[in-house]
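The values are calculated or read from the model by the stated rules, or taken from the named source; none is laboratory data. Everything numeric in this text was worked out from a predicted model, so none of it was measured. Neighbour counts run over all protein chains shown; Cβ positions are idealised from the backbone, glycine included.
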Amino acid sequence: MKRFLLLLLLPFFLLTRGELKAHPHVFLDTRVTVVLDSEGVTGFWIEWEFDEMFSAMIIQDFDEDYDFSFSPAEIANIEKNAFSNLKNFHYFTYVSWKGGEYTGKKIRDFSASIRGDTLVYRFFVPCRIGIDDTGMVIKVWIYDDSYYCDVGFAEEEPAAFEGEKGYGIEAVIARDERITYYFGQVSPQVLRLSVRRNDG
Amino acid sequence: MDRRRLIILPVFIVLLLCVAAAALGDNPFMGGTAVEKSKRGLNYPLFVKRFMRKIGLLQRNLNERMTSLGKEIKTKENPRAAFMLFALVFAYGVVHALGPGHGKTVSGSYFLTRRATVKNGIILGSVIALIHAVSAVSVVLVLYFILKKGIGVSMEHYSRVVKIISAGAIVLIGLFLFARRILKKVPSERESLPRDRSILLIALAVGIVPCPGAVLILLFSMSMDIIGYGVLLAFVMSLGMALTISVTCCAVITAKKGIFGSGEERGVRRTALFSVEITGAVIVVLFGTFLLAGAV
């Protein structure tokens, strides 16, 4: 019996838990700014603040004049060599609402900066979501499917709004156990937005 | 036999030399290619996900504390901070190797295929971790002193080659283990113990891919101008990883012994043992193929 139990344990040790990839090496805190106009949502500003080790690597590689800030040329270089490849990873950004979802194809206005000792990326995800009188529930997930990065919403001000006048917005951050990535082993956080018009 | 080994060895040395880096090879910012659709179908039980979450959080905390201690060492020579940092990095190594990768599958399966002692398990686990770190340190130092800049980016360019070579070597080892088991004439209990040289070859094939965690620690200590510490830390981290990988190997060896004991190899017992050993070899081949497919 004991032997039989041990036999059951064996596959547990051997089953490859995922690929030889990943498990987080980089940690980033994310903030989302929801941008609205009179029609509804026009898109999201996404900001990532990286851990200091990854920050040190990027700063060392790309701050070519060692002035501890990024010139436009340096930012262009970062975008080309340490950001644009994320198009293969949906820019870590997933948005869904009733009747649609962000396809992860396009972003614009990428910028990189140094805040204290940490590297900050910021870019805009254009995503038109019309808000009618009945309101709309929008969900935003930010995670790295390959789990090279561990992504979490920042503890301070994880969500902000621009042009929200005329709207009533409720924002809640929770862990979304229904969605999994990295071979079903990790679930991301979700920013759940309920947006409705105030004027009716 | 020895002549054949003489041929294999230089191949691996060349391999070692051409390793200028897989470390950040999976870095999605720079070179990852996988357009992986979210696996929404697969969903592990909550307790597994919570465990993974805990490991993730633990690494996040360790990472934060390591960087702040590193700064403390840099600004004032503080022996307590240095000691704390070493302890943290060791713990980081233990936790880091718990995740997938770092050779647990290949080394565990290897011990399924043959007779081995706990000591063999500890040796293999430790050598893998050591090579993992040596590889990271040499790659980073070479790139640093040659290129001065752009380490992260230049590593990307080499990463594919190294991963393909490592995966190829794993497939070959798997095939060799398979053939060996099929052709074997002596029963398992009278089989000789693995030689240190063959253990070294496996460790080399698996550990040659530089540890990304160690690379990040090194790069960070470089940016703080404490390279000496960085190298030391990379090795302390590999001690932590050695612990985890060795425990996995020993668990397999002990479990196999516990199941099959050391009685005579006959009848059902013999068939069962044979299937387990063949399974081990097949896992290595499949795993290597899987890695190869991912790397090409």
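Restricted to the range B:102-158, and to residues there that are within 14 Å of another protein chain (Cβ to nearest Cβ) and not in a helix (DSSP H, G or I), the residue that is modelled with the highest pLDDT is B:THR113.
Considering only residues that are polar (S, T, N, Q), within 27 Å of A:VAL195 (Cβ to Cβ) and without any contact (Cβ under 8 Å) to a residue 12 or more places away in the chain, which ones fall in the range A:84-105?
Keep residues of the range A:84-105 that are polar (S, T, N, Q), which gives A:84-85, A:88, A:93, A:96, A:103.
Next cut, within 27 Å of A:VAL195 (Cβ to Cβ) only: A:93, A:96, A:103.
If the condition is that a residue be polar (S, T, N, Q), within 27 Å of A:VAL195 (Cβ to Cβ) and without any contact (Cβ under 8 Å) to a residue 12 or more places away in the chain, then A:THR103 is the only one that fits.
Could you say which residue among A:ARG108, A:ARG175, A:ARG122, A:ARG128 is more than 16 Å from the chain's Cα centre (by Cα), of a type outside the set (Asp, Glu) and modelled with pLDDT of 90 or more? Selected residue: A:ARG128, the only one of A:ARG108, A:ARG175, A:ARG122, A:ARG128 that is more than 16 Å from the chain's Cα centre (by Cα), of a type outside the set (Asp, Glu) and modelled with pLDDT of 90 or more. Taken over the range A:81-105, the criterion of being of a type outside the set (Val, Ile, Thr), within 19 Å of the chain's Cα centre (by Cα) and surrounded by fewer than 17 Cβ atoms within 10 Å (Cβ to Cβ) is satisfied by A:SER84, A:LYS87, A:SER96, A:GLY100, A:GLU101, A:LYS105. Being assigned to a helix (DSSP H, G or I) and closer than 30 Å to A:GLN60 by Cα holds for only one residue in B:VAL252, B:VAL285, B:VAL206, and it is B:VAL206. Scanning for something among the aliphatic types (A, V, I, L, M), closer than 16 Å to A:SER38 by Cα and part of a strand (DSSP E or B), does the range A:191-198 turn up at least one residue? Among the residues of the range A:191-198, at least one is among the aliphatic types (A, V, I, L, M), closer than 16 Å to A:SER38 by Cα and part of a strand (DSSP E or B), which makes the answer yes.
Considering the range A:150-180, the residues that are farther than 19 Å from B:LEU58 by Cα and facing chain B (nearest Cβ under 9 Å) include one that is surrounded by the fewest Cβ atoms within 10 Å (Cβ to Cβ), namely A:ARG178.
Filter the range A:57-76 down to residues that are in a helix (DSSP H, G or I), surrounded by 19 or more Cβ atoms within 10 Å (Cβ to Cβ) and touching a residue at least 12 places away in the same chain (Cβ under 8 Å), then give me how many there are.
Going residue by residue through the range A:57-76, those that are in a helix (DSSP H, G or I) are A:57-62, A:72-76.
Now narrow it down to the ones that are surrounded by 19 or more Cβ atoms within 10 Å (Cβ to Cβ): A:57-62.
Then keep just the ones that are touching a residue at least 12 places away in the same chain (Cβ under 8 Å); that gives A:58-59, A:61-62.
Final tally of qualifying residues: 4.
Answer yes or no as to whether B:ILE245 is of a type in the set (A, V, I, L, M) and either more than 10 Å from chain A (Cβ to nearest Cβ) or surrounded by fewer than 22 Cβ atoms within 10 Å (Cβ to Cβ) (or both).
Values: of a type in the set (A, V, I, L, M): yes; either more than 10 Å from chain A (Cβ to nearest Cβ) or surrounded by fewer than 22 Cβ atoms within 10 Å (Cβ to Cβ) (or both): yes.
When the stated conditions are applied, B:ILE245 passes them.
Could you give me the residue pairs with C-beta distances under 7 Å whose first residue belongs to the range B:161-186 and is touching a residue at least 60 places away in the same chain (Cβ under 8 Å), whose second residue is surrounded by fewer than 16 Cβ atoms within 10 Å (Cβ to Cβ) and among the hydrophobic types (A, V, I, L, M, F, W, C) wherever it lies, and which are 6+ apart or on separate chains? Cβ pairs passing all conditions: B:VAL161/B:CYS18; B:ILE164/B:VAL296.
Here is a yes/no grid of residues against (1) within 13 Å of another protein chain (Cβ to nearest Cβ); (2) in a strand (DSSP E or B); (3) closer than 27 Å to A:PHE54 by Cβ:
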position	(1), (2), (3)
A:LYS105	yes, no, yes
A:LEU119	yes, yes, yes
A:VAL125	no, yes, yes
A:TRP141	yes, yes, yes
A:TYR147	yes, no, yes
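Checking each residue in the range B:70-101 for being within 11 Å of chain A (Cβ to nearest Cβ) and under 12 Å from B:ILE226 (Cβ atoms) picks out B:GLY70, B:LYS71.
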